[in-house]
Amino acid sequence: MQSIVETHNKNNHKISTRVAGCDCTQWFKQGLTEEFLKVEENAQKFLEDNLVSGICAYNIKNIPDEKTLKSFLKYHPKVLLDDPFVIYEKGN
């Protein structure tokens, strides 16, 4: 989270700061699911309050269970799947 804040603070332009993460399921493999979900929650608040957009990547095969999937999906307004290519957008 701190790296997102630092990157955004360095953006002197009036355009959105964009951040991207690689396979975030590495946190689940290390037993840090709850900690990662807390980061997701905090990041979502920061992104909503600032001119920042984020792209997260997940290997769906490495998501430990449906509860975890549902927990972190609430912090992602759009979900893109690659096989088959489908875009889902969270409803209001």
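The values are calculated or read from the model by the stated rules, or taken from the named source; none is laboratory data. Remember, predicted model here, so these are calculated numbers, not experimental data. As a convention, Cβ positions derive from the backbone with ideal geometry for all residues, glycine included, and neighbour counts pool all protein chains shown.
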Which pairs turn up if I take residues in the stretch 80-92 that are within 18 Å of ASP23 (Cα to Cα) and look for partners that are of a type in the set (A, V, I, L, M) and loosely packed, with under 10 Cβ neighbours inside 10 Å with beta carbon separation below 6 Å, at least 6 apart in sequence or on another chain?
LEU80/ILE87
Spot the failing condition for PHE36; the list is (1) within 18 Å of LYS70 (Cβ to Cβ); (2) modelled with pLDDT under 85; (3) aromatic (Phe, Trp, Tyr), and only one is missed.
(2)
Going by what's in this entry, would LEU47 be described as over 24 Å from ASN9 (Cβ atoms) and under 11 Å from the mean Cα position of the chain (by Cα)?
no
Having 3 or more residues that are exposed (fewer than 14 other Cβ atoms within 10 Å of the Cβ) is the bar; report the helices (runs of 4 or more DSSP H) wholly within the chain that clear it.
2-10, 33-49, 66-73
